[in-house]
Amino acid sequence: MQREATPRRDLFGVAIVAALVALALSFGAQRGRRTLAVVARTVDVTALSGAAALYTLSPTAGRLEVVTRDERSRLDVEMSLVVDGIERPLAMRRADVHVKDKSTLIGEFPIELGDERATGTLELRMDPATDLLTASLGVTHEAGSSDHTYALRFGLAPEGRTVYVPGVGEIGDVANMQARSVVLDDEIHPFALLSGQGPLSITELEPDTSQPGARPRLVVSARTEQAPERAKGAAAGRPARLDIAILVGASSQALWGRLYQLSRMNVAKVTGVVTGTRERAHVIALDEDGHPRIRALADPDGRFTIEAPTIARQWFAALEAVHTSAPVRFVPGTPWDLKLDVSAGGELHVKVTDGDTGQPLIARLIVKGIDGTIDPSFGPDYRASGAGPLMDILEGEVQTPLPAGRYRVAATKGIEWSIDSQVVDITSGHLKAIELSPRHVVPTPGMVGCDVHVHARPSFDSPVTPEDRVLSLVSAGVDFAVPTEHNMVGDYAPALEVLRIGKQLAHVPGVEVTTYNPRFGHFGVFPYTVGAGVPPYKGTTVNALVAAARRSDPSRVVQVNHPRMAQNIGHFSIINLDPKSARAPAIAAFDTIEVYNGYELSKRELTERVMEDWFALLNFGKRIAATGSSDSHRIQYQWAGYPRTYALLDPRAAGDTGLPIDTREVVAALKKGRSFVSSGPILELELTESGRAARPGDELPSGVPLGGRIRVRAAPWIDVTSVEVIAGVPIAPAESAGGPPSPTVSLFKSAVAPRPTDMKKGSGALDEAEARTLRFEAELALRPPANARWVIAIVRGERLMDDALPFMPIQPMAFTNPIYLK
């Protein structure tokens with residue numbers, strides 16, 4: 001539904017930073033004299049001392065401390081062993097550690113595997129020429145042991161350092177990434193982690209929020225290896241061998257070559273200078289495919305010397321403002337200086353208005369470099385006033401410096417609006433002014449777009465301020481939101497008051513109950529009373545949590561969030577829910593399931609798996625509504641409002657008559673399933689029987705033919721390629737035993753002609769533009785099986801949405817909640 005923006009002072013100001021979305025990662029060469037390692041002992045620790053750093057092992061704690069010689073940088077690593085997927089500390093007795101030679105420590109310890117036993121041998125080996133410390137772990141089974149899997153894991157707190165991955169760049173959210181190495185850079189002494197086994201698994205886990213000072217934990221795991229079974233009397237087999245290495249850089253420039261050499265890549269020297277500034281600039285290098293490979297800080301005089309991989313061919317410099325040099329093609333090893341000039345470019349002034357009312361519009365601005373121009377970066381990935389090449393414009397108007405070059409500038413307001421864009425040329429010393437006018441081309445009467453799972457501070461894993469979060473929601477065209485902070489009640493009222501945009505975003509307070517000891521998942525609860533104690537999340541059960549959540553307000557929604565998320569977070573995975581079983585699962589009385597989660601947007605198969613779970617529960621008669629939410633923790637990535645759930649209300653409650661949105665009616669509709677879920681298409685389904693009409697959440701008789709209508713609309717930049725109506729049928733025990741049964745049958749299916757991406761505001765009158773958004777409409781004549789229990793509609797698109805929305809590789813999808821048959 002459309003929300004009109006009102007001009008006002010920008011309470012943020014635009015933070016201008018130039019650090020580039022594609023900041024690289026890899027490793028540079030430092031030359032130094034060869035220094036022999038020295039072993040030092042105290043009563044409880046053993047240390048290896050090299051030229052660049054001191055490595056101190058605390059055996060009983062399984063902790064490794066790395067401190068550089070000048071004591072300006074420090075890294076604390078918690079080592080652990082993962083056995084059959086279960087993590088345990090890599091701790092041993094002090095007496096188990098001994099010196100092998102001047103650069104090597106050895107520690108042996110027993111590993112209990114139930115009634116079985118194994119022996120672990122930890123070797124800390126330092127190369128005195130490079131100060132590369134390799135932690136190698138071998139696991140050998142004792143006689144009578146069966147197969148087991150092992151992985152070596154390092155856990156650490158980034159402590160404000162920037163995290164980089166070679167070929168990817170700066171990581172905004174480091175969940176479930178595979179890479180050969182990772183760098184933590186404080187621009188004094190960067191640390192790199194790598195493994196000779198192959199790719200590392202890099203993820204970020206939440207801390208135990210019940211502990212004071214809890215912080216996010218960066219977890220780096222080596223590839224899992226298997227130690228084979230060993231029969232009684234048999235000789236010891238090949239042990240499982242695991243390793244992770246730590247490399248310390250003498251400087252930002254000196255790390256890269258060393259690391260790329262360890263990765264067995266050819267490197268060559270690049271010397272040069274950054275001109276046009278008195279600030280220290282970053283030197284950035286990309287390969288031919290645009291993947292970032294180098295990010296190094298130039299010297300105070302602008303000079304730099306970097307051993308770079310020979311595949312790094314595109315070079316530029318960036319300042320802590322929106323200043324970058326023009327890209328220069330330069331081959332490492334070329335015997336002359338690379339010169340990068342970051343002299344000031346021009347300025348861009350953008351005014352964003354509603355294309356039909358002419359009123360200033362709160363929207364998201366996208367500035368992308370084209371024809372060889374590098375994307376600008378207006379700030380870190382968590383700031384609404386500038387996150388990479390994105391800006392959320394509070395006042396509908398902004399002016400910002402830009403390096404000289406050619407850009408495509410676009411304004412978006414979410415999935416109900418067209419995108420308006422222009423190509424602009426920025427020249428040094430000149431101002432370019434443009435106006436962009438998106439239009440609300442998809443009519444949504446009686447529909448309220450909701451994001452009921454979204455994060456900001458004080459959630460431990462989100463640096464986004466509440467003010468930036470609400471601005472990102474409004475710029476995405478979201479109408480209703482729930483701040484679901486981890487084990488704390490979130491409330492948007494103060495932020496909306498500060499920004500004076502309360503009329504543009506309805507909300508209720510909420511909480512994401514994040515369970516510990518035992519872990520059994522994350523659960524959204526809303527509305528929740530500000531200042532009230534949250535439901536129990538530690539040392540409890542799921543049924544006790546649900547009962548406590550509803551105790552003071554039975555109208556609350558209790559939702560299972562991301563039920564199949566990895567890392568022991570998804571509730572359905574933890575309880576081993578089997579959607580193919582013919583036996584009804586023992587599941588708590590939840591109101592809703594987050595079937596479509598923002599973390600899973602780029603892999604439709606993940607959402608399809610949760611849909612299979614949901615279908616199975618519906619077939620067992622459990623009327624649990626589906627939702628879709630962004631679960632957004634940042635601004636640049638995982639945009640708020642993608643996906644979202646549309647609550648279906650009467651026009652008065654939906655705010656269409658000029659009254660505020662009725663939040664109680666929104667909550668009731670979500671709980672009842674009077675809604676549909678979407679990352680792009682707007683879907684309407686109505687079924688009829690004997691003159692009686694039903695929409696999602698309603699009920700019709702079973703075993704009879706059904707009529708009805710389906711309608712699909714989508715903004716010009718969103719792809720739609722197919723429409724399907726399906727019915728759910730219970731699985732009989734005989735079917736389950738005889739092979740994989742199908743929990744659904746298709747009642748109607750049609751292809752939809754695709755359209756090319758259109759990033760123009762749209763011509764003609766508004767009613768003409770609205771008419772062009774109709775992608776599919778049909779009368780339905782359905783014959784569900786006699787035992788069918790529900791009917792839903794599903795719409796899919798194939799083309800990824802990141803051709804219009806950067807960092808959002810989504811295949812569009814929408815689906816309704818069930819119309820029940822009884």
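The values are calculated or read from the model by the stated rules, or taken from the named source; none is laboratory data. Here the structure is a predicted model, which is why all the values come from computation and not from measurement. Positions of Cβ are generated from backbone atoms using ideal geometry, with glycine treated the same way; all protein chains shown enter the neighbour counts. What goes into the accessible areas is simple: the full protein's heavy atoms, side chains included, and nothing from ligands, DNA or RNA. Shrake-Rupley method; radii C 1.70, N 1.55, O 1.52, S 1.80 Å.
Points to keep in mind about this one:
- Screening the candidates Ile311, Ile294, Ile306, Ile284 for the property of being among the aliphatic types (A, V, I, L, M) and open to solvent by 20 Å² or more (accessible area, probe 1.4 Å) yields one hit, Ile311.
- Positions within the range 558-574 being touching a Ser or Thr at 6+ places or on another chain (Cβ under 8 Å) and open to solvent by 20 Å² or more (accessible area, probe 1.4 Å), in sequence order: Arg564, Met565, Ala566, Gln567
- Exactly one residue among Ala771, Ala753 is over 25 Å from Asn597 (Cα atoms), open to solvent by 60 Å² or more (accessible area, probe 1.4 Å), free of Cβ contacts under 8 Å to residues at least 60 places away in the same chain and in a loop (DSSP other than H, G, I, E, B), and that residue is Ala753.
Table: residues versus (1) in a strand (DSSP E or B); (2) under 30 Å from Pro300 (Cα atoms); (3) touching a strand residue (DSSP E or B) at 6+ places or on another chain (Cβ under 8 Å); (4) open to solvent by 10 Å² or more (accessible area, probe 1.4 Å).
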residue: Glu108; (1), (2), (3), (4): yes, no, yes, yes
residue: Gly120; (1), (2), (3), (4): yes, no, yes, no
residue: Glu123; (1), (2), (3), (4): yes, no, yes, yes
residue: Met126; (1), (2), (3), (4): yes, no, yes, no
residue: Val139; (1), (2), (3), (4): yes, no, yes, no
residue: Leu184; (1), (2), (3), (4): yes, yes, yes, no
residue: Glu187; (1), (2), (3), (4): no, yes, yes, yes
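- Set side by side, the residues Gly396, Gly414, Gly388 differ, and just one is closer than 30 Å to Val448 by Cα, out of contact with any strand residue (DSSP E or B) (no Cβ under 6 Å at 6 or more places or on another chain), at pLDDT below 95 and crowded, with 21+ Cβ neighbours inside 10 Å, which is Gly388.
- Pick from the range 351-380, criterion hydrophobic (A, V, I, L, M, F, W, C) and part of a strand (DSSP E or B), ranking: most open to solvent (accessible area, probe 1.4 Å): Ile370
- Among residues of the range 99-138 being under 36 Å from the mean Cα position of the chain (by Cα) and modelled with pLDDT under 90, the one that is farthest from Tyr55 (Cα to Cα) is Leu113.
- Candidate set: the range 482-504, residues that are touching a residue at least 60 places away in the same chain (Cβ under 8 Å), farther than 19 Å from Val546 by Cα and outside any helix (DSSP H, G or I); chosen: the one nearest to the chain's Cα centre (by Cα): Ile501
- In the range 500-529, residue modelled with the highest pLDDT [restricted to those that are open to solvent by 30 Å² or more (accessible area, probe 1.4 Å), over 14 Å from Arg556 (Cβ atoms) and of a type outside the set (Lys, Arg)]: His507
- A single entry from Leu687, Leu649, Leu706 fulfils the requirement of being under 33 Å from the mean Cα position of the chain (by Cα) and crowded, with 16+ Cβ neighbours inside 10 Å: Leu649.
- Gly388 vs. criteria more than 21 Å from Thr277 (Cβ to Cβ) and more than 33 Å from the chain's Cα centre (by Cα): no
- Only a single item in (1) hydrophobic (A, V, I, L, M, F, W, C); (2) in a loop (DSSP other than H, G, I, E, B); (3) touching a strand residue (DSSP E or B) at 6+ places or on another chain (Cβ under 7 Å) is not met by Ala588, and it is number (3).
- Candidate set: the range 333-350, residues that are small (Gly, Ala, Ser) and within 37 Å of the chain's Cα centre (by Cα); chosen: the one surrounded by the most Cβ atoms within 10 Å (Cβ to Cβ): Gly345
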